[in-house]
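Colleague: Here it is, the structure in full.
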Amino acid sequence: DLLPNTVKIIGYARSKLTKGELVERIRPACASIVDDEEKLNSFFDKCSYVAGAYDNAQSFQALNNHLSEVEQSKKSNRLFYLALPPSVFVTVVSSFTKKCRTTTGWNRVIIEKPFGRDLETSRKLVNSLAEYLDEKEQ
């Protein structure tokens, strides 16, 4: 296997995708790294997807429900990787910190660049996110 059995990868975005459509989208990138079909299928079995809005509490509650369903142990660590426009970073972080934090392990957030347009907007984002995330979560 490429990952331990306890690792699960859950995509979340506004687009409505089936599991098959998700796999179809990520297969080319994965197949360019690993050429073992059995390992790829094992990896895809660890992947799932939840569609939802960036600014809707019910969508994030649905994401949390899904996370809880797929987590196999009482202790769960959650890593959130945000590949979003900077204009929605704070909205999304605010929403998932209210609805999707685990209480049995750690929570971490990775934010993909660009992180603001310049130093001033970057600092503003850091200060805004600090309202929802402590330093060890960032």
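The values are calculated or read from the model by the stated rules, or taken from the named source; none is laboratory data. As the structure is a prediction and not an experimental result, all values here were calculated from the model. Glycine also receives a Cβ, built like all others from the backbone with ideal geometry; neighbour counts cover every protein chain displayed. Ligands, DNA and RNA are stripped out before the accessible areas are found, and what is left, the full protein with its side chains, is counted by its heavy atoms. Shrake-Rupley method; radii C 1.70, N 1.55, O 1.52, S 1.80 Å.
Colleague: Under 10 Å, Cα contacts only: if you run a Gaussian network model on the chain, which one of ALA29, ALA13, ALA57 comes out with the highest mean-square fluctuation?
Modeller: Comparing ALA29, ALA13, ALA57 in the GNM, the peak value goes to ALA29.
Colleague: So how much slack lies between ASN41 and GLN61, counting 0.36 nm per residue of separation and subtracting their Cα-Cα distance, in nm? Mind showing how you got there, number by number?
Modeller: Numbers: separation 20, 0.36 × 20 = 7.20 nm, distance 2.85 nm.
Stretched out fully, the ASN41 to GLN61 stretch lengthens by 4.3 nm.
Colleague: What FRET efficiency, computed as 1/(1 + (r/R0)^6) with R0 = 41 Å and r the Cβ-Cβ distance, is obtained for THR104 and SER32, rounded to the nearest 0.05? Each step should come with its number before you reach the end.
Modeller: Details: r = 36 Å, r/R0 = 0.87.
So, using R0 = 41 Å, E works out to roughly 0.70.
Colleague: Accessible area of ILE10, 1.4 Å probe, to the nearest 10 Å²?
Modeller: Its heavy atoms expose roughly 40 Å² to the probe.
Colleague: Just the accessible area for ARG123, please: 1.4 Å probe, Å², rounded to the nearest 10?
Modeller: Here the residue's solvent-accessible area equals roughly 140 Å².
Colleague: Here is a follow-up. Taking the Cβ of LYS124 as the center, what net charge do the other residues with Cβ under 13 Å away carry, scoring Lys and Arg +1 and Asp and Glu -1?
Modeller: Working: positive: ARG117, ARG123; negative: ASP118, GLU120, GLU131.
Spelling it out: positives minus negatives among the neighbours equals -1.
Colleague: So what are the chain's ellipsoid semi-axes, whole angstrom, largest first, if each one is the square root of 5 times an eigenvalue of the alpha-carbon gyration tensor?
Modeller: Values: eigenvalues 147, 66, 45 Å².
Whole-Å semi-axes of the equivalent ellipsoid: 27, 18, 15.
Colleague: Give me the distance in nm between label points sitting 7 Å out from Cα along the Cα-to-Cβ direction at GLN138 and LYS75, one decimal.
Modeller: 2.7 nm
Colleague: Which chymotrypsin sites (Phe, Trp or Tyr not before Pro) in segment 66-130 pass both tests, a DSSP loop state and at most 16 other beta-carbon atoms within 10 Å?
Modeller: Within segment 66-130, the qualifying chymotrypsin sites (Phe, Trp or Tyr not before Pro) (loop, at most 16 other Cβ atoms within 10 Å) are TRP106, PHE115.
Colleague: If amide H atoms are built 1.01 Å from N in the plane of the peptide, which residues on other chains or at least 5 residues away come under 5 Å of the amide H of ILE111?
Modeller: LEU82
Colleague: TYR12's amide H: which non-local residues (gap 5+, or another chain) put their own amide H closer than 5 Å, with H modeled 1.01 Å from N in plane and none for Pro or chain starts?
Modeller: When sequence neighbours closer than 5 places are left aside, the close amide H contacts are VAL50.
Colleague: Next question, about the same structure. How big is segment 27-74 in terms of Cα radius of gyration and Dmax, in angstroms?
Modeller: 14.6, 40
Colleague: Follow-up. I need the phi-derived Karplus couplings for segment 78-83: 6.51 cos²θ - 1.76 cosθ + 1.60, θ = phi - 60°, integer Hz, Gly and Pro marked x.
Modeller: Whole-Hz 3J(HN,Hα) from phi for segment 78-83: 10, 10, 9, 10, 9, 10.
Colleague: Separate question: In whole Hz, with x marking every Gly and Pro, tabulate ³J(HN,Hα) for segment 114-129 from phi via Karplus 6.51 cos²θ - 1.76 cosθ + 1.60, θ = phi - 60°.
Modeller: Ordered by residue, 3J(HN,Hα) equals x, 10, x, 8, 7, 4, 5, 6, 5, 4, 4, 4, 4, 5, 5, 5 Hz.
Colleague: Might you report the magnitude of the Cβ-based charge dipole of the chain about its Cα centre, with Lys and Arg at +1 and Asp and Glu at -1, to the nearest 20 debye? Display every interim value, and only then the final one.
Modeller: On the way: 20 positive and 18 negative charges, 89 e Å.
The calculated dipole for the chain is roughly 420 debye.
Colleague: Can you pull out the trypsin sites (Lys or Arg not before Pro) in segment 28-90 whose DSSP state is coil and whose Cβ has at most 12 other Cβ atoms within 10 Å? Write out the running numbers ahead of the final one.
Modeller: Working: sites: LYS39, LYS46, LYS74, LYS75, ARG78; in loops: LYS46, LYS74, LYS75.
Of the trypsin sites (Lys or Arg not before Pro), the ones in loops of segment 28-90 whose Cβ has at most 12 other Cβ atoms within 10 Å are LYS74, LYS75.
Colleague: Just the Cα atoms of segment 1-44: what Rg and Dmax do they give in Å?
Modeller: 11.2, 31
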